Structure formats: C-alpha cells, structure tokens
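Q: Please read through the structure below; I'll follow up with questions.
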Amino acid sequence: MSDTQQEDIKFDYKYGFSVPTKYVYKADKGLSDEVVKKISYYKNEPAWMRDFRLKSLSVFNSKAMPSWGPDLSEIDFESITYYAKPIDNQVRSWEDLPDEIKQTYDKIGVPKAERDFLAGVSAQFDSEVVYENMRKEIAKLGVIFCDMDTAVKKYPKIVKKYFGKLIPPADNKFAALNSAVWSGGSFVYVPKGVKVPMPLQAYFRINAESFGQFERTLIIAEEGSFVHYVEGCTAPIYTTSSLHAAVVEIFVHPKARVRYTTVQNWSSNVYNLVTKRSRVEESAVMEWVDCNIGSKVTMKYPSCYLVGEYARGEVLSIAYANENQIQDTGAKMMHLAANTKSRVVSKSISRQGGRCSYRGLVNVSPGAYNSSVFVSCDALLLDEKSRTDTYPYMKIREQQGVEIQHEATVERIGEEKLFYLASRGIDKQSAEGLLVQGFVEPVAKEIPLEYAVELNRLLKVEMAGSVG
Amino acid sequence: MLKLNNLSVSVGKKQILSNIDFQFEPDKVYAVMGPNGSGKSTLGYSIAGHPAYEVTSGQIVFNNEDITEEEPEKRAEKGIFLSFQSPLQIAGVTVFQLLRLALEGKVDPLELRNKINRIAKELKIRDELLNRSLNEGASGGERKKLELLQAVVLDPKFLILDEIDTGVDVDALKIIGSYIDKIKKGRTIVLITHYNRILKYIKPDYVLVLVNGRLVKVGKKDLAHQIEEQGYESLNSNL
C-alpha cells in the first residue's frame, strides 16, 4: 500500500466509510426460527448444524442479559440483520476479488507484505469469507486453515468433535446468539508435532448498517504442535449501533503451544462482546495477546482452562477507551491441575472521559498444588474526566505450594514528564503519544511487527483525534 | 544572546527569584553558584519555560526575541536545552525513540542511531542503557551522561546544566567535565553547581552567585575559589 493511501485511511477512518456492496442474499432484520433456518439453508449446511443453531436460539431466548458489567440495554436484537451473503462463491486469488471489496481492504490497509510473506489471508467481508489464500507449504504440512463454513462441510468429523464443546450455547447469552446465527470465522487444525512456520492471519470487518457480525473460530493444536493466529478487526462508522458477538474456541493438546493475537479497532458505535476460551492440556501453552481500541462497549475476557499438569496460560492485553467508550476487559485463569502457571499483564489507557475496567478471575481448584499466578494491571489516565476500575476476583482453594502475585498501578501523565519531554522540543500531543506508546510497550513488543506498526498508528490517530 | 531583564519568578504564591538582570554571551561558560534554596534551579526552569514557574515581572529575551511567554518546546526548538538535576525515567521509551521524535523529519533515523552510539561510546555509557527505557536502572552518573548525550544530539546554542556534577563519582565527573569542555565552542554554557570540583575540568569565564533569589555577585573564575575557601557568608559581608 502506498503512503498516500495510508494518509487516506487516517482521515477517512475518523468519519467512517462504507463501500456499497452487492448482496446475493440478505436476511430480514430480527431473529426467529425462520431466519435461522434460512441462514442454514443458504449455507447449504448439514442437518446437525441446523439443529444446533435452532437449539441455540431457544437457549438465547431463555437467557437473561448479563447482570454485571457495562450497560447493554441499548442493543435492540430486533433491528439487527443477522446474515448477509455478499457474493456467490469463494474466489481463489486476490486478483479475482470484485473491485469494491478490494477497495475496502485497501482502505483498511491489509498490509501488502502479508500477501507476499505470510501464510494466507482469510479476510472476512461481512459474514462470508470471500478471500482465502493458503500457502502451499502449509497445506503440505497437513495444516487445515479455512473458513468455518467450509470446515463444517469438509471436515465434519473434527468439527463435530470440538465445535461448541468448550463454549456451549448455554455459556452466556451472546455465546448462544453466536451459536444460532454464526457465520464465517476461521478453522485451524494443526496435526501432531507440526510447527506452523508463519502466523496465520484473518481480517474481520462489519460493513452493513446495524449488521451484526458473528464469526466463529475454532483452533485445534494437536500434541506438540505450534501455531500463531492473528486477527485484525476494523469497522466503519454508522449512525446505529452494530453488534459483534464472536466465539473463539481453542484446544491445546499436550505439549502444544498456541498464540492468538488480536489487534482490533471497532468504530465507536459497535458493541463488541466476545467469548474466547482455551483448554490447555499437560505441558501445553496458550498465549492470548489482545489489543482493544475503539468500539462503544467491549466485553472480553480471554480465558485459559489449565486442565493438565504443567499447563501454562498467558493473557497480555491493551485496552484504549476514548470519549464515550467502555473497555471492560480482563482474563480468566482456571487452574484445574497441579503445577499450572498463569500470567496476566493488562495495560489500559483512558482518555477524554473514556472508561477502562480490568475484570479478572483466577481460580485455583483443590489439587492444583504448586500452581503460580501472576496478575499485573496498569492503568494510565490521560485526564481528570477519565476513569479506571479494577475487579480482580481470586478463588484460591488450594494452599499447598500455591504462589499468588497481584500488582496494580494507576498513573496519570504528569506535568513533570510532559515538561521533561517539552524541554527536548516535543510538544504536548506528541509527548502524550510517546508516553502512551512507552506504557503499552511491554505488550506491544509481543505483537508481530506489521501489527505493532498499525497499533502505533491507531494510537497516534486516536491521540490526535481529540473531538472535545 | 540571552538576556534576563529585571526577572522575578514565583511558584504558587512564593516568590523565588527577584529582579535578576543579566546578559549571557555566546561562546562563554558561566557557573551559577549559591547555597541551597537560593533559586539556582528555578533560574534554569524559568529559562526553559517550566509551566509551574511564573514570571511575575521582567522578560527573558533570547536572540533579541522576547520568549517570556513561549512554550517550553518552542524554546527548545530555538536552541535552549535544560539538563535536569534529577532526570526522569520514561517507561518503554529508549533514548533513541525520544530523540527521533524530538527531531522528527529533521534527521535520518540511521544517522541518528549512529550518532547516539558514537556519543555513548565517548561518554562511556553502557550499550544496554541505550536499549532500555530511558534512565531505567541507570546510576546517578549514567543519568547525567544520558542528559548530556541528548544535549549534544539536539545541539543547543544555550545549554543549562543543572547540577550535572551531583550524584556522580570521580571517574564519571572527569568524563562529563572534559566532555562539556570539548563541546562548549559555539554555545553558551550555564553550569549550575554547588561545588568547585567540576570547574577543574571546565573553566568558567564568569561566576554568578545567587543568594535568596537575588544575583548578589558576578565575578571571574577566582570567585569560585574564594567561595570554596570562605563560604557564601564572606560574600554577604563584602556586599
């Protein structure tokens, strides 16, 4: 992508942009058995998946909204379009994509280098995965990387074994909703002992007004394997609220390692309510790297169920709340076996009255002796109007050899630091940007370079875009 | 070069500097001395433009331009640099990142990197300090060296060094003192100091003595010796 295009994004993005898209099929607004059946019909799904959807819908209808956390009462489930199919068939290469979709990707800035060097772009446009390109060597290794819809048809045995097993529809209202109307998302299967040499990437984006996006991702890493999955999310701005309710399930078999990196920038009217969970077996490692910028409300608590001895779980996160934004994020670490280890590093920035909350749960079950827990949450407040809260819940039901460490700091950008940087010729806005960049550095350094660059750019744009 | 016209400065309600009149010349080294609390650091902060230091009367004129109300970053751009008595730690930001931002668009990053490495070597700054957050895990002397490094890269015309000799061991003092002497050409150097020991390496052209926020005496370098032998009291009796 050229520099001029980069410039365009900066300015376009602040106001949102929307490319008119031709839909082959767009469901009526609202939710009913009829709509769910239609989704399943248009996807040409097997009966078991259609039944799963219908059952999930009744769970959704019977479930109450969460009784805790940010206010979600403005979500009107009846005014949302649950499914839209933009083009008829999957296309094989970038060049085959319709121009308007390519334009959208250009504006989002899918890095060009990615196409050249990285495994495959599985970029989701609205609810269908329209572009997918997998490098041959990965396929040769036996790795499956495709969109979830394809997986249901092509790999029913594996999908049936794992789909909805870690996050059943009854887990929470939004997981139930996703289970009923899910569309798109990625399916990754890594065979025993295979180490995927490059990150697998997907871009997600909402493009129709009031159009909910309900992607579904399932990753299975067999014994001793390794994979790094990266998702970047961005959405244009509309006048009515959009809903993004994703479900991500990850199975990490013994001695395997999975890293899941998210850099997302939803526009400021999106409700971003995501359930992410991993099951980590003996001596396996799960790492979540989660960067949340934008959205109206984000509720997201990546979790690790450490079910095998010596399993390790890690959540590194950055949350940035600007004016009228709520980032309610955290982590859930379930120590269900002995000698397990968890580490949570959370960095949040609040500005212009934005609000960040860290909400974390650490559970050490009886028998999980010699387990160790490290939680560190740092909050940076850029002005007096902004707010930060910490809700760290710890249920420690095993004492033997269990080590718990919890640190929390709240920092304001002070006059002294700003003056120090000013005395080197750096103006206030740039100085704040630099301090924010420095503040998130311990997490940002864990992100692949291209995304780290993008993250910095997003933070810069956010810092510059003072509305008030 | 830089002129203080009847300068008075307050912090909050407290007046710290009173009616200072002085003109600094280019290519000269000034030592500013005085007992604790005499307003030496305030003088540095005021010239650099710290927002908490309010000029209640008089002006600061730099190269014939009144900068009394100028923002600190603008003063820095014009060529004024303040080396801090207690340099701050900046988490997650290396000295390279800081200077790159300060010089954005004015310097090639690779060139800047090489320059920093070269100066660090000359000042005997450990490599690892360059790759860490600024001033993290740095000793007093190392912090002062990193201030000096930033100064040299930013190449100011008016360099204020606030107690660059405090908290510094003998070896570091020698390096710092000789380095200042080496880079003094083409600049005005203002050394705010308690001690004579740094003056062994860099000879001041003038010594200014502040007592209770007033400029009580200006002399040549032998004034520093007199102060060392007889203390500030002797000056007061001479007034």
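The values are calculated or read from the model by the stated rules, or taken from the named source; none is laboratory data. Computed from a prediction, not measured in an experiment: that's the story for all the values here. Here the Cβ positions follow ideal geometry from the backbone for every residue, glycine too, while neighbour counts run over all protein chains shown. Ligands, DNA and RNA are stripped out before the accessible areas are found, and what is left, the full protein with its side chains, is counted by its heavy atoms. Shrake-Rupley method; radii C 1.70, N 1.55, O 1.52, S 1.80 Å.
Q: Out of everything in region A:384-409 that is basic (Lys, Arg) and either closer than 30 Å to A:Leu336 by Cβ or within 14 Å of another protein chain (Cβ to nearest Cβ) (or both), what residue ends up being most open to solvent (accessible area, probe 1.4 Å)?
A: A:Arg397
Q: A follow-up question, please. Scan region B:211-218 and give yes if some residue there is touching a strand residue (DSSP E or B) at 6+ places or on another chain (Cβ under 6 Å), closer than 15 Å to B:Pro26 by Cα and open to solvent by less than 20 Å² (accessible area, probe 1.4 Å), otherwise no.
A: No, the conditions are met nowhere in region B:211-218.
Q: Take the residues of region B:1-31 that are closer than 16 Å to B:Asn64 by Cα and among the aromatic types (Phe, Trp, Tyr): which is surrounded by the most Cβ atoms within 10 Å (Cβ to Cβ)?
A: B:Phe24
Q: With respect to the numbered conditions (1) more than 19 Å from A:Arg277 (Cα to Cα); (2) crowded, with 21+ Cβ neighbours inside 10 Å; (3) among the hydroxyl-bearing types (Ser, Thr, Tyr), which one is the sole condition not fulfilled by A:Ser376?
A: (2)
Q: Take region B:52-81 and flag every residue that is open to solvent by less than 80 Å² (accessible area, probe 1.4 Å) and within 14 Å of chain A (Cβ to nearest Cβ).
A: Matches in region B:52-81: B:Ala52, B:Tyr53, B:Ile67, B:Glu70, B:Pro72, B:Glu73, B:Arg75, B:Ala76, B:Lys78, B:Gly79, B:Ile80, B:Phe81.
Q: Let me ask something else. Out of A:Tyr320, A:Tyr369, report the one residue that is open to solvent by 20 Å² or more (accessible area, probe 1.4 Å) and hydroxyl-bearing (Ser, Thr, Tyr).
A: So the residue among A:Tyr320, A:Tyr369 that is open to solvent by 20 Å² or more (accessible area, probe 1.4 Å) and hydroxyl-bearing (Ser, Thr, Tyr) is A:Tyr369.
Q: From the set of residues in region B:65-119 that are in a loop (DSSP other than H, G, I, E, B) and of a type in the set (Gly, Ala, Ser), which is farthest from B:Glu163 (Cα to Cα)? Walk me through how you get there before you give the answer.
A: Here is the first cut: in region B:65-119, the ones in a loop (DSSP other than H, G, I, E, B) are B:67-71, B:79, B:84-89, B:91-94, B:103-108.
Filter again for of a type in the set (Gly, Ala, Ser), leaving B:79, B:86, B:91-92, B:105.
Working: B:Gly79: 20, B:Ser86: 9, B:Ala91: 24, B:Gly92: 26, B:Gly105: 32 Å.
Checked region B:65-119; the qualifying residue farthest from B:Glu163 (Cα to Cα) is B:Gly105.
Q: Based on what the data block shows, is B:Asp21 part of a strand (DSSP E or B) and either of a type in the set (D, E, K, R) or modelled with pLDDT under 95 (or both)?
A: On the way: part of a strand (DSSP E or B): yes; either of a type in the set (D, E, K, R) or modelled with pLDDT under 95 (or both): yes.
Here the answer is yes, as B:Asp21 does meet what is asked.
Q: Okay, moving on. Would you confirm whether or not region A:256-275 contains a residue that is under 24 Å from A:Leu31 (Cα atoms), surrounded by fewer than 24 Cβ atoms within 10 Å (Cβ to Cβ) and modelled with pLDDT of 95 or more?
A: Yes: one or more hits.
Q: Please determine, by comparing only the residues of region B:144-170 that are β-branched (Val, Ile, Thr) and over 14 Å from the mean Cα position of the chain (by Cα), which one is nearest to the other protein chains (Cβ to nearest Cβ).
A: B:Val153
Q: Collect the residues in region A:32-61 that are of a type in the set (Phe, Trp, Tyr) and either open to solvent by 40 Å² or more (accessible area, probe 1.4 Å) or out of contact with any helix residue (DSSP H, G or I) (no Cβ under 6 Å at 6 or more places or on another chain) (or both), keeping them in residue-number order.
A: A:Tyr41, A:Tyr42, A:Trp48, A:Phe52
Q: Sticking with this one: Among the residues of region A:410-427, count how many are more than 8 Å from every other protein chain (Cβ to nearest Cβ) and surrounded by fewer than 19 Cβ atoms within 10 Å (Cβ to Cβ).
A: 4
Q: Let me ask something additional. Here is a list: A:Tyr41, A:Tyr23, A:Tyr105. Which entry is at pLDDT 65 or above, at negative phi and in a helix (DSSP H, G or I)?
A: Details: A:Tyr23 fails: in a helix (DSSP H, G or I); A:Tyr105 fails: at pLDDT 65 or above.
Exactly one residue qualifies, and that residue is A:Tyr41.
Q: Taking the criterion of being within 13 Å of chain B (Cβ to nearest Cβ), within 17 Å of A:Cys291 (Cβ to Cβ) and open to solvent by less than 10 Å² (accessible area, probe 1.4 Å), would at least one residue in region A:430-438 satisfy it? Steps first, answer last, please.
A: Step one: of region A:430-438, the residues within 13 Å of chain B (Cβ to nearest Cβ) are A:430-438.
Add one more test, that the residue is within 17 Å of A:Cys291 (Cβ to Cβ), and what stays is A:433, A:436-438.
Next, only the ones that are open to solvent by less than 10 Å² (accessible area, probe 1.4 Å) stay: A:436, A:438.
For region A:430-438, residues within 13 Å of chain B (Cβ to nearest Cβ), within 17 Å of A:Cys291 (Cβ to Cβ) and open to solvent by less than 10 Å² (accessible area, probe 1.4 Å): present.
Q: Could you give me the residue pairs with C-beta distances under 6 Å whose first residue belongs to region B:85-109 and is among the polar types (S, T, N, Q), whose second residue is open to solvent by 70 Å² or more (accessible area, probe 1.4 Å) and part of a loop (DSSP other than H, G, I, E, B) wherever it lies, and which are 6+ apart or on separate chains?
A: Cβ pairs passing all conditions: B:Gln89/B:Glu136.
Q: Another question about this same structure. As an exercise: evaluate A:Gly425 against (1) part of a loop (DSSP other than H, G, I, E, B); (2) under 26 Å from A:Arg259 (Cβ atoms) and give the number of the one condition it does not meet.
A: Status for A:Gly425: all satisfied but (2).
Q: Output the qualifying pairs, or none if there are none: Cβ atoms under 6 angstrom, residues six or more apart or on different chains, first residue in region B:194-216 and of a type in the set (S, T, N, Q), second residue surrounded by 17 or more Cβ atoms within 10 Å (Cβ to Cβ).
A: From residues that are of a type in the set (S, T, N, Q), the pairs are B:Asn196/B:Ala224.
Q: State which residue is surrounded by the most Cβ atoms within 10 Å (Cβ to Cβ) when the search covers only region B:94-143 and only residues that are basic (Lys, Arg) and within 14 Å of chain A (Cβ to nearest Cβ).
A: Per the criteria, the residue is B:Arg143.
Q: Still on this structure, please answer the following. Could you check region A:275-306 and list, in sequence order, the residues that are more than 25 Å from A:Ser365 (Cβ to Cβ), polar (S, T, N, Q) and assigned to a strand (DSSP E or B)?
A: Selection gives A:Asn292, A:Thr298.
Q: Considering only residues that are at pLDDT below 95 and out of contact with any Leu (no Cβ under 9 Å at 6 or more places or on another chain), look in region B:32-51 and name the one that is least open to solvent (accessible area, probe 1.4 Å).
A: Among those that are at pLDDT below 95 and out of contact with any Leu (no Cβ under 9 Å at 6 or more places or on another chain), it is B:Gly37.
Q: Separate question: Could you tell me whether region A:440-460 includes any residue that is surrounded by 22 or more Cβ atoms within 10 Å (Cβ to Cβ), within 11 Å of another protein chain (Cβ to nearest Cβ) and more than 23 Å from A:Ser346 (Cβ to Cβ)?
A: no
Q: Quick check: is even one residue across region A:313-324 part of a loop (DSSP other than H, G, I, E, B) and touching a helix residue (DSSP H, G or I) at 6+ places or on another chain (Cβ under 9 Å)?
A: Checked region A:313-324: at least one residue is part of a loop (DSSP other than H, G, I, E, B) and touching a helix residue (DSSP H, G or I) at 6+ places or on another chain (Cβ under 9 Å).
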